[in-house]
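This report concerns only the one structure given below.
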Amino acid sequence: MKWNEKKHNESSGTEIYHSDFDNKAEEISEKFYAYGKNNHLNIVLIGKTGAGKSTLINAIFGENMAITGVGKPITPKTEAFTSPTNPNFKIYDTKGIELSEPDKAFNEVSKLIISKQKTRDTGDDIDFIFYCIATTDARVQDFDIKLVKRLINKTSVPVVVVLTKSIDEDETKQMKVELDKENISVAAVNSVPKKTKAGEIESYGIEELVDYVYKNIENTRSKIEFAKMQKASLKTKKDSALVAIHTASVASGAVGAIPIPGADAPLIVITQLGMLTSINSIFDIKVSDGFLKDILLDVLAANLGKAAAKALIKLIPVAGEVIDAGVAIAFTETLGFGYLNLLLKYPNILEIGKSLPPEFLEYLKEEIKNINFKKH
């Protein structure tokens with residue numbers, strides 16, 4: 001269905017065209033896609049050769065960042081590696097830094113952080129530092145603790161020590177105790193399954209690490225980008241999607257709190273379209289704009305019948321010329337939660353041109369029945 005089709009406005013008895021809606025929906029959709037493109041994520045990796053840095057990154061993001069190769073030189077001892085799927089995601093590997101000299105090592109890392117903060121583009125700022133120590137080393141060195149504490153106390157960037165290759169339970173526990181005593185955030189992981197004499201040790205700890213990093217990234221755009229890029233934690237993607245739903249619901253309520261003539265720009269629909277676009281971005285799902293519009297239209301037609309024609313501009317019932325704020329919030333939340341629940345239940349079901357599963361619309365039908373569409 002084309003959204004610039006001619007429609008009959010029952011309230012006025014006139015025919016109207018929805019080309020304005022189509023144009024504005026395309027415009028807002030482009031803005032949401034542009035917002036995604038302007039997101040950024042910059043992570044610094046610290047750790048000696050063999051600390052499992054490359055394996056860790058691949059386990060978190062599900063792609064080979066090739067940090068074992070040669071990256072773009074940033075400083076004499078630091079190289080940058082750009083994601084093959086996202087030019088706004090960079091890893092800075094400090095593999096040339098001698099960690100046994102913590103003062104010099106700190107100066108090098110600090111120099112990198114400051115140089116990125118001085119650029120005009122906030123997208124260059126460092127978002128997180130991963131300090132990797134292999135538990136196969138059997139101990140945390142004094143210079144590790146000294147360097148990490150200086151990074152925590154002297155920079156504005158969050159730091160986590162990642163104990164990689166955490167196969168031996170006793171060694172891992174002891175190293176965690178040492179770091180806990182120093183009030184240093186630590187995560188123990190085994191990035192890939194490992195065969196030992198005692199049997200195979202499964203991978204573990206990556207999801208918990210991802211959840212921790214997501215909660216502690218300060219920059220909002222970087223937080224969104226991290227949730228999108230990481231492939232290890234469905235919980236993190238869900239949490240990020242819930243923020244998008246809440247933001248859209250609040251925005252819808254704000255629109256519903258003021259008089260809006262029925263023929264004006266469909267602000268609530270555009271907000272809902274942006275919400276669905278944001279959720280798709282977080283889950284890295286590629287669908288057409290028309291597909292999202294069809295979701296809104298199908299839900300409307302299935303639940304509101306003839307009333308849909310009166311409120312097609314805003315996709316929810318109105319009282320006179322004013323949309324009820326409570327209704328706007330409830331409808332937007334229901335749509336967002338329904339869409340999110342579908343993705344969590346069928347994470348691979350949405351493809352370009354593929355029909356919506358019947359259970360999705362059925363879920364929304366039942367939920368929307370509980371919304372009081374009368375003016376409060």
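The values are calculated or read from the model by the stated rules, or taken from the named source; none is laboratory data. Keep in mind it's a predicted model, so treat the numbers as computed, not measured. Cβ coordinates were reconstructed from backbone atoms using ideal geometry, including for glycine residues, and neighbour counts include every protein chain displayed.
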Checklist entry - Any residue in the range 347-365 that is at pLDDT 65 or above and closer than 23 Å to residue 233 by Cβ? => result no
Item to check | Some residue of the range 182-193 being more than 18 Å from residue 131 (Cα to Cα), surrounded by fewer than 19 Cβ atoms within 10 Å (Cβ to Cβ) and hydrophobic (A, V, I, L, M, F, W, C) | outcome: yes
Checklist entry - If you take the residues of the range 210-224 that are part of a helix (DSSP H, G or I) and among the β-branched types (Val, Ile, Thr), which of them is nearest to residue 281 (Cα to Cα)? => result 224
Item to check | Candidates 191, 249 - the one that is touching a Leu at 6+ places or on another chain (Cβ under 8 Å) and touching a residue at least 40 places away in the same chain (Cβ under 8 Å) | outcome: 191
Checklist entry - How about the range 323-340: which of its residues are modelled with pLDDT under 85 and part of a helix (DSSP H, G or I)? => result 325, 326, 327, 328, 329, 330, 331, 332, 334, 335, 338, 339
Next on the checklist: Looking for something assigned to a strand (DSSP E or B) and surrounded by 14 or more Cβ atoms within 10 Å (Cβ to Cβ) - is there at least one such residue anywhere in the range 105-127?
Outcome noted: no
